[in-house]
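Chemist: Below you will find the structure I want to go over with you.
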Ligand SMILES: Cc1cc2nc3c(=O)[nH]c(=O)nc-3n(C[C@H](O)[C@H](O)[C@H](O)COP(=O)(O)O)c2cc1C
């Protein structure tokens, strides 16, 4: 059975993004082996002075770390391994401040590791998660297809680029305008479910 890693950052009570994710899980739990990581309960470590230097010395400098040093990197390494071990990734998150929540960015900082999930070749940088596919489920409060926010959705370009860097083709199901079009939010979720079903049928 193919494996699916689900990354959920949906902390708000009655989260609309979670409704989309719950539908994905309901629709597919018999068809795939799911590992669910709730990023609001198990957050990756931010890259700070100690772990950043250990990571750089190990992954770029080839340094052998002691068990104690290795344990400093253990949480983020575990998240990276979950990515290496999966066939599919589903990331569910709202938009925060024109971009992604810091915790979601921390997940990318944890798993994008030189020599493990991307590498340097004669032809440049290569993502090493090539047999993996990703689906992004995102909602926002405002409509990003019209002014004043047209062109300032930094979330989707970042997510598509970051997955692509890892060698992972990603598609996004975005339901933007949940607050702006509050009266249509139910309908938007229903549309998202149709899209989720189409991706699921392609995957499994
Ligand atoms: C901290 C925070 C920042 C937000 N920033 C934005 C934003 O930049 N643009 C936007 O359209 N909506 C923004 N919103 C609104 C949410 O993206 C929107 O309500 C989303 O649907 C919430 O998802 P949820 O129902 O899964 O919690 C923000 C909400 C919060 C709580």
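Chemist: Taking the convex hull of the Cα atoms, report for region 1-95 its projected area averaged over all directions, in nm². Each step should come with its number before you reach the end.
Modeler: Numbers: hull surface 31.0 nm².
Taking the Cα atoms of region 1-95, their convex hull projects to 7.8 nm² on average.
Chemist: Here is a follow-up. Any idea what angle helix 16-28 forms with the longest principal axis of the chain, computed on alpha-carbon atoms, 0 to 90 degrees, nearest 10?
Modeler: The two axes meet at around 80 degrees.
Chemist: Sorted from fewest to most neighbouring beta carbons within 10 Å, what does the list 58, 12 look like?
Modeler: 12, 58
Chemist: Considering the chain as a Gaussian network with a 10 Å cut-off on Cα pairs, which listed residue, 91, 54, 65, attains the greatest mean-square fluctuation?
Modeler: 65
Chemist: Another question, then. When 149, 9, 120, 55 are ordered from fewest to most other Cβ atoms inside 10 Å of their Cβ, what list results?
Modeler: 120, 149, 55, 9
Chemist: Give the dimensionless ratio obtained when the Cα radius of gyration of the chain is divided by 2.2 N^0.38 Å. Spell out each step's value before the answer.
Modeler: Values: Rg = 17.8 Å, N = 204, 2.2 N^0.38 = 16.6 Å.
Computed over Cα atoms of the chain, the ratio equals 1.07.
Chemist: Between 148, 94, 169, find the one with the highest GNM mean-square fluctuation for the chain; connect C-alpha pairs within less than 10 Å.
Modeler: Greatest mean-square fluctuation among the candidates belongs to 148.
Chemist: When only alpha-carbon atoms count, how far does region 85-130 stretch along each of its three principal axes, as whole angstroms with the largest first?
Modeler: 38, 22, 15
Chemist: Multiply the residue gap between residue 84 and residue 42 by 0.36 nm, knock off their C-alpha separation, and tell me the result in nm, one decimal place.
Modeler: Once the chain is fully extended between residue 84 and residue 42, it gains 13.3 nm.
Chemist: Over the chain, what is the percentage of antiparallel beta bridges among all DSSP beta bridges, to the nearest 5?
Modeler: Among the beta bridges of the chain, antiparallel pairing accounts for roughly 15 percent.
Chemist: Measure nothing but the geometry: give the 0 to 90° angle between the long axis through the Cα atoms of 155-165 and the longest principal axis through the Cα atoms of the chain, rounded to 10°.
Modeler: In the chain, helix 155-165 runs at an angle near 40 degrees to the longest axis.
Chemist: May I pose another question? In degrees between 0 and 90, to the nearest 10, how far off the longest principal axis of the chain does helix 74-84 point, with axes built from Cα atoms?
Modeler: Once rounded, one gets 60 degrees.
Chemist: Return the single residue from 118, 60, 108 with maximal mean-square fluctuation; model: Gaussian network over the chain, springs between Cα atoms under 10 Å.
Modeler: In this elastic network of the chain, the residue with the biggest mean-square fluctuation among 118, 60, 108 is 60.
Chemist: Which stretch or stretches of region 99-116 have amide N atoms under 13 Å from the point lying 7 Å from residue 125's Cα along the Cα→Cβ direction?
Modeler: Flagged as within label range: 109, 112-116.
Chemist: Per the helix-only calculation at 222 nm, which mean residue ellipticity applies to the chain, given -39500 (n - 2.57) for every DSSP H run of n ≥ 4 and division by its residues, nearest 500 deg cm²/dmol?
Modeler: So the calculated ellipticity at 222 nm is -12000 deg cm²/dmol.
Read-outs throughout are calculated quantities, based only on the coordinates presented, and are distinct from any laboratory measurement. No experiment lies behind these values; they were computed from the predicted model shown. Counting neighbours? That spans all protein chains shown, and the Cβs are built from the backbone with ideal geometry, glycine included.
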